[in-house]
1. In nm, to one decimal, how far is the modelled label at A:Gln125 from the one at B:Thr15, with both set 7 Å along Cα→Cβ?
2. Distance in nm between label sites at A:Gln17 and B:Trp96, each 7 Å beyond Cα in the beta-carbon direction?
3. Using a 1.4 angstrom probe on the protein heavy atoms only, line up B:Lys2, B:Lys139 by accessible area, largest first.
4. Given the protein chains as shown and a 1.4 Å probe, how many square angstrom of A:Thr35 are accessible, to the nearest 10?
5. Hey, what did region B:36-250 get for relative contact order, percent, Cα under 8 Å, at least 6 apart?
6. So what's the net charge close to B:Ser211: Lys and Arg +1, Asp and Glu -1, counting the other residues with Cβ under 12 Å from its Cβ?
7. Across region B:36-250, how many lysine pairs, 8 or more positions apart or on different chains, have C-alpha atoms separated by under 20 Å? Please give the number.
8. So, R0 is 30 Å and r is the distance between the beta-carbons of B:Cys184 and B:Val104; what FRET efficiency does that work out to, to 0.05?
Amino acid sequence: MNKKPLTKQINSLISLQNVVLTLADQSIFSHLSLTFNIGEKVALLGDSGVGKSSLLKLIAGIHQPTQGELTNKALRIGYVFQEPRLLPWLTVEQNITEVMKANGIIKMQREIKLTELLTQVELTQYRHYYPHQLSGGMAQRVSLARAFAIEPDLLLLDEPFSALDKNLTQQLSQLLSRFLKPETTMIYVSHYIEQVLPLAQSCLFLHNASSTQKKKFTWHSTANAIEREQFLKQFYQ
Amino acid sequence: MKTKQKLALYLLSLTSLLVLWQILANQLNPMILASPWQTLMQLFELILTADFWQQLLVTLNRLLYALSIACSIGFTLGLIAGRHAWLKFYLAPFRWLLMSIPPVIIVLLAMLWFGMGSTMVVFITVLLLTPTIYINTQKSVEQIDNHWFELAQVYQFSWYQRLSKIYIPAISGPLCATLIIVCCSGVRIVVLAEVLGAHQGIGFELANASSNFDTAELYAWVVVSLSIVAFMELILLKPIQYYLLRWRKLS
Ligand SMILES: Nc1ncnc2c1ncn2[C@@H]1O[C@H](COP(=O)(O)OP(=O)(O)O)[C@@H](O)[C@H]1O
Ligand SMILES: [Mg+2]
């Protein structure tokens with residue numbers, strides 16, 4: 001079922017083979033096999049508590065598989081957490097710069113990139129502010145800028161806008177689609193399918209975390225309204 | 001609070017202390033308690049002698065050594081043990097032993113092993129201070145939200161970035177409190193150890209003044225040791241604290 005044509009294997013960025021994940025004696029995944037290709041944009045959906053965040057953490061290397069094999073060829077990973085997760089003792093500018101330093105971006109490039117990103121997220125005049133001086137939307141914009149500052153080959157988003165209202169979510173989704181490059185692989189976790197579909201080429205629907213069951217629906221962003229409706233019907237079955 | 005208000009409060013409490021001292025001195029025999037004025041005059045006399053500065057330097061030197069060693073050991077071990085439970089459990093009996101053994105036993109043993117002098121003083125001070133630094137660091141590191149380590153891992157922070165951008169700022173509150181406690185007790189322990197077993201230093205001079213019944217000089221040396229604590233708090237610890245916690249000031 002998970003055997004893919006060879007051509008796809010070559011393009012794969014992340015592959016999980018029979019991965020078992022057990023956290024604190026609780027089985028989260030048993031024998032999960034998945035592949036994500038370079039440049040693929042995937043929406044990761046599923047009920048709360050099913051293991052979406054755990055899957056992202058596994059891919060990011062925060063969790064180690066208890067069994068099985070996980071390969072991730074991404075050199076730079078951008079991660080947008082559910083909350084902004086900015087270091088409270090660093091300014092907006094320092095939060096972004098530290099991450100660039102850690103990823104080996106030289107000083108001259110750092111400065112250019114920082115100026116560019118702050119302009120794009122409209123926070124130029126807030127560069128010396130500390131996180132607690134920002135609103136929720138502003139902080140999440142910084143978090144987004146930080147993820148893109150390192151020009152990631154893999155972008156992981158874990159319900160990034162769930163704490164924000166509708167307007168802000170829309171505004172940030174637009175920013176996200178503007179930043180996103182074709183060659184970047186993206187895995188986007190969201191509760192709201194409508195939020196991710198404009199950005200994703202396929203959906204991964206995770207359910208019943210402790211079993212091997214999972215479904216992968218494919219949906220193309222070029223699909224027309226009828227196809228989309230059919231897909232959604234299938235999805236909500 | 002504004003700086004002016006703080007300063008006014010400091011002055012007020014210092015004045016009340018002096019007044020209290022004066023009142024007590026009036027009541028008691030001058031052999032027991034010298035008056036503030038006598039003490040001050042004695043202090044002036046002392047300051048003018050070369051010997052005073054030499055004794056002060058000896059004590060400060062011991063204090064510096066002891067604090068540096070205790071802080072490096074306690075902080076490093078606490079940092080590691082805060083993240084790795086095996087070290088915490090391994091060190092638990094040592095910490096328990098050092099924290100429950102009566103200090104006087106440590107003093108007696110140290111005098112037996114090292115004789116009188118600087119080695120003994122520094123040894124005792126390090127032994128008594130290290131567990132405090134260790135336990136405070138270890139407990140505070142344990143409390144650091146795992147979120148930050150996830151962040152550091154995903155974004156591939158170097159060990160230096162982890163130390164300077166996560167560990168130290170995250171524990172800066174308890175760290176500052178620990179530094180204050182440790183510096184103050186450091187002075188007290190060094191002076192005590194010198195009283196008991198040294199031929200030099202403030203403690204030695206205190207013991208001397210006491211056995212010569214030179215009450216004014218005794219109190220002058222007490223004021224000197226108090227001044228060291230005050231000096232360390234104002235010149236050393238306040239700037240560190242200000243630097244580490246400056247981000248909280250802006251709201
Ligand atoms: N560090 C952990 N230790 C133990 N159990 C965990 C840990 N993290 C998550 N879990 C459990 O794993 C399951 C999946 O959690 P999570 O991945 O956060 O789900 P989702 O993001 O889909 O809501 C939950 O039952 C949760 O209780
Ligand atoms: Mg989650």
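1. Here the modelled spin labels are 4.7 nm apart.
2. With each label placed 7 Å out from Cα toward Cβ, I get 4.8 nm.
3. B:Lys2, B:Lys139
4. The value for A:Thr35 is about 20 Å².
5. On the way: 212 pairs, mean separation 61.7, N = 215.
Averaging sequence separation for qualifying contacts and normalising by length gives 29 percent for region B:36-250.
6. Working: positive: none; negative: B:Glu205, B:Asp214, B:Glu217.
Within the 12 Å Cβ shell, the charges total -3.
7. Details: B:Lys88/B:Lys139; B:Lys139/B:Lys165; B:Lys165/B:Lys249; B:Lys238/B:Lys249.
Counting lysine pairs in region B:36-250 gives 4.
8. 0.90
The values are calculated or read from the model by the stated rules, or taken from the named source; none is laboratory data. From a predicted model like this one, the values you see are computed outputs, not experimental measurements. FYI the Cβ positions are ideal-geometry reconstructions off the backbone, even for glycines, and counts take in every protein chain you see. Just so you know, the surface numbers come from the protein's heavy atoms only, side chains and all, with ligands and any DNA or RNA stripped out. Shrake-Rupley method; radii C 1.70, N 1.55, O 1.52, S 1.80 Å.
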